[in-house]
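Encoded as structure tokens, the structure appears first; notes follow it.
All of the numbers you see were taken from the coordinates with simple rules; none came from a lab. Quantities reported herein were computed from a predicted structural model and do not represent experimental measurements. Heads up, the Cβs are rebuilt from the backbone with ideal geometry, glycines too, and the neighbour counts pull from every protein chain shown.
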Amino acid sequence: MRLRRSKGGRGKLEFADAGVNGEPLLVVEDLHTSFRTGRGTVHAVDGVSLTVGRGQTLGIVGESGSGKTVLARSIMGLLPAQDVIKSGTVHFAGHELTAMTPEELRQVWGAELSMIFQDPMTALNPVKRIGRQITETLRLHLNMDRSEADATAVELLRSVGIPSPEVRVRWYPFQLSGGMRQRVMIAIALACAPRLVMADEPTTGLDVTVQAQILDLLRELQRERHMAVILVTHDLGVVATRADDIVVMYAGRIVEQAPAHTLFNDTHMPYTRALMDSIPRLADPSGMRLHAIAGRPPDLIHPPKGCRFSPRCPYVRDKCRESEPPLRTAGSRDHLFACWFPLVNGVPTAPSGRVEARPAPVSPAPRPVPDSFADAVPPDRAPPGDAAVNPEAGVQSP
Amino acid sequence: MAKYLLRRFIQLVVVSFIISVLAFLLVHLLPGDPTAVILGPNDTPQNKAILLHQLGLNKPLWNQYTIWLTAVFHGNLGQSYLNRESVTHILATGFPIDLELIIISQVIAFAVAIPLALVTSRRPNRPVDNVATTGTFGMLALPPFVIAPILVAVFAVGLHWFPATGYVPFSQNPASNIHGMILPSLAITAGSIAVYYRLLRSDLISTLQEDFITMARSKGLSSRFIMWRHAFRPSTFSLLAGAGVNIGALIAGTFIVEYLFAINGLGYSLVAAVNQRDYLVVQGISLVVAIAYVVIQFFIDFLFTVVDPRVTRG
């Protein structure tokens, strides 16, 4: 049992030890988050359900504006109270976060559930020494005294690969490089050995060469400490080899959800496919145009009727514009997708009148990202118009 | 840090030098011949030459300046034409009064403005914030000469809590000294509260939007801890700069309040000296006020380094 906060015993929360009852660590059910704005209500998260097992990694992927950051903060309960409408439940380690008082949430934050922010320059307090920014959590949640906390901070900095940590603890964030600052951020997030870490675009602000180092460090520490990680990113390439499960979000909703290898091997949702195509490949000839997804994410105040991706979907049909596809399963129970005409082997299950609108991929080479799955990706991605596949083939109606 | 402060200190010395030259020239730029005034009916060319020699006024200007400056460093700023009182003595009695008024009024101003801003900035444009913001706007609109009579009418004449006028030196009776200084300080403090509150509130509101505040919340820290330990310090730049200017303006700038409460501070002496063309008194007070202003700015520059380490190392 990890019992770790005293504060006079008032409203003390106890957490069951890992894996006692075999329940997932985090269960999110039908989470909705909307913001009241001058223009209307923005439905940033619209009915999201997901689970994360102990020690597992969940990748949440989507474009900017798809609601992934709001989802991460909604799960934590970190959004401001003003002008936010929330519904749905979040269960974490046997406690319902959505039913907690702010006091109780504060006992969970930083101790059992912590967050790594995107930009380590703005997320670290510029006028506080980094050591102090680590020790304040240690002292709050673990009731350490000053010298004990100082010593632990040095060890934490060492564990995230910061050289001469006993000197660096006295430094200010502006004296460190971007990669070092993100290491400090990880040290802060992991200080109290949380069960779950939310990493919101943890490497977006960093140099590409540093990105991999930080992600590898995070994975290493995750294995060492057996903690779960939610990795929020716009880059499918980042989560491809690092996540157990992947959730693809579009316009506040989950559009496809599957174990990582299933998602890459057997993509059903055209949006997911488009995200994969937008990853530049080393095999591409130099000077080739990047595959951008045409159009922009929809207005979340007035989301489009029918499938929210329909205005940008290369395979759109009338049905897509009229009614919204539910999140359903196909062959395997753990692969969910929201599409009326899902792709099968990279090919839509029904011909579409707008096929020409989509630039055909120049290179039919397999996806480079998940090496182990590469051979499972169909090498011949025939032009979608040629596919004479039964619309419902391989798909079970919900 | 040391390098930054050294640079600021050199600036302080240079500015003080310029101030001393200007204060010195102040008397020379004025029209009129001092020998004519002193000699009166005995104003013959011969007497005049002797007097010029005695007074050293026939020496080159730079030489007169160095002689004057040496005297200043020895604490001799000359004496009043009117009553032969030494300027140093006028400063020695007036300056502590200004200092006391400033200290009491500023302590009250910070003690009110800082907690108020910390409370209201968390929920901007909510009822509490609106009341405080409107209230301070009113304080800003009320000049000391309106507030002072109201304070006197209510707390001195009406309730008899404080004396209406008069000054008791601190060395004579500390308790009644402070007792007598409360109303004048309150008359000055209203404007300062309004300025400090507004500067700090707007900086706090923008600081609270920063990622590091969300980060601090995600660590489970309490709102109180976040406000004081994370948000306050990075939000004090405008407050410090504003306080520097404001306090500087209060040195010898509290004439109206001193007049209303019959306290002979520097401001009172300065205005009286100007009216009576008592130039050496004007010169002495101007010099001290200007130097005090520069010293305050130096101190504010030092506080910037305490508030934000990036000032000296970035």
Charge dipole magnitude, Cβ of K and R +1, D and E -1 - region B:87-313, Cα centre, debye nearest 20:
880 debye
First measure r as the distance between the Cβ atoms of A:Phe174 and B:Ser222, then evaluate 1/(1 + (r/R0)^6) with R0 = 25 Å and state the FRET efficiency to the nearest 0.05.
0.40
Given charges at Cβ of Lys, Arg, Asp, Glu: the protein assembly as shown dipole, positive-most of A:Val160, A:Ile60, B:Thr136:
B:Thr136
In debye to the nearest 20, how big a dipole does the protein assembly as shown give about its Cα centre with +1 on each Lys and Arg Cβ and -1 on each Asp and Glu Cβ?
540 debye
Can you list residues whose amide H is under 5 Å from A:Ser49's amide H, if they're 5+ apart or on another chain and H is modeled 1.01 Å from N?
A:Asp30, A:Leu31
What would the Debye equation give as log₁₀ I(q)/I(0) for chain B at q = 0.12, 0.15 Å⁻¹, counting only Cα atoms as equal point scatterers?
-0.96, -1.23
At 222 nm, what helix-only mean residue ellipticity would chain B give, in deg cm²/dmol to the nearest 500, using -39500 (n - 2.57) for each DSSP H run of four or more?
-23500 deg cm²/dmol
Tell me the label-point distance for the pair B:Val168, A:Ala193, using the 7 Å Cα-to-Cβ offset, in nm and rounded to one decimal.
6.5 nm
Restricting to lysines 8 or more places apart or on different chains, can you count the pairs in the protein assembly as shown with Cα atoms under 17 Å from each other?
6
Once you have the Kirkwood Rh of region A:130-259 from its Cα pairs, apply Stokes-Einstein at 25 °C and 0.890 mPa s and quote D in µm²/s.
156 µm²/s
Considering the dipole of chain B built from charges on the beta carbon (Lys and Arg +1, Asp and Glu -1) around the Cα centre, which of B:Ala272, B:Val107, B:Thr35 is farthest to its positive end?
B:Val107
So what's the angle, to the nearest 10 degrees on a 0 to 90 scale, between helix B:266-275 and the longest Cα principal axis of chain B?
40 degrees
Given a Förster distance of 56 Å, report the FRET efficiency between B:Leu82 and B:Arg229 from their Cβ-Cβ distance, rounded to the nearest 0.05.
0.50
Long-range amide H partners of A:Met249, meaning residues 5 or more apart or on another chain whose placed amide H is closer than 5 Å, are A:Val61, A:Gly62, A:Val255
Using +1 at the Cβ of each Lys and Arg and -1 at the Cβ of each Asp and Glu in region A:148-286, identify which of A:Met269, A:Ala243, A:His226 lies farthest towards the dipole's positive end.
A:His226
In whole µm²/s, the translational diffusion coefficient that Stokes-Einstein assigns to region A:185-277, given a Kirkwood hydrodynamic radius over C-alpha pairs, 37 °C and 0.692 mPa s, equals 231 µm²/s
Where the only charges are on Cβ atoms (+1 Lys, Arg; -1 Asp, Glu), what is the dipole of region B:1-138 about its Cα centre, to the nearest 20 debye?
680 debye
Enumerate the amide H contacts of A:Gly88 below 5 Å, restricted to partners 5 or more residues apart or on another chain; note that Pro and chain-start residues carry no placed amide H.
A:His32
C-alpha center-to-center spacing [region B:202-259, region B:48-114] in angstrom
35 Å
Run through all the Cα pairs of region B:66-198 and give the fraction in each 5 Å bin from 0, expressed as whole percent.
2, 9, 14, 15, 14, 13, 11, 9, 6, 4, 2, 1, 0
What does the charge count around B:Val112 come to, taking other residues whose C-beta lies under 13 Å from its C-beta (Lys +1, Arg +1, Asp -1, Glu -1)?
+2
Any idea what angle helix B:279-307 forms with the longest principal axis of chain B, computed on alpha-carbon atoms, 0 to 90 degrees, nearest 10?
30 degrees
Region B:2-73: C-alpha gyration tensor shape, a/c 1.5 cut-off, then a/b vs b/c
prolate
How many angstrom lie between the Cα centre of region A:120-141 and the Cα centre of region A:193-217?
18 Å
Region B:160-257: C-alpha gyration tensor shape, a/c 1.5 cut-off, then a/b vs b/c
prolate
Inside 10 Å of the C-beta atoms of B:206-214, what's the mean count of C-beta atoms belonging to other chains?
4
Computed on Cα atoms, the radius of gyration and Dmax of the protein assembly as shown in angstrom are 36.3, 126
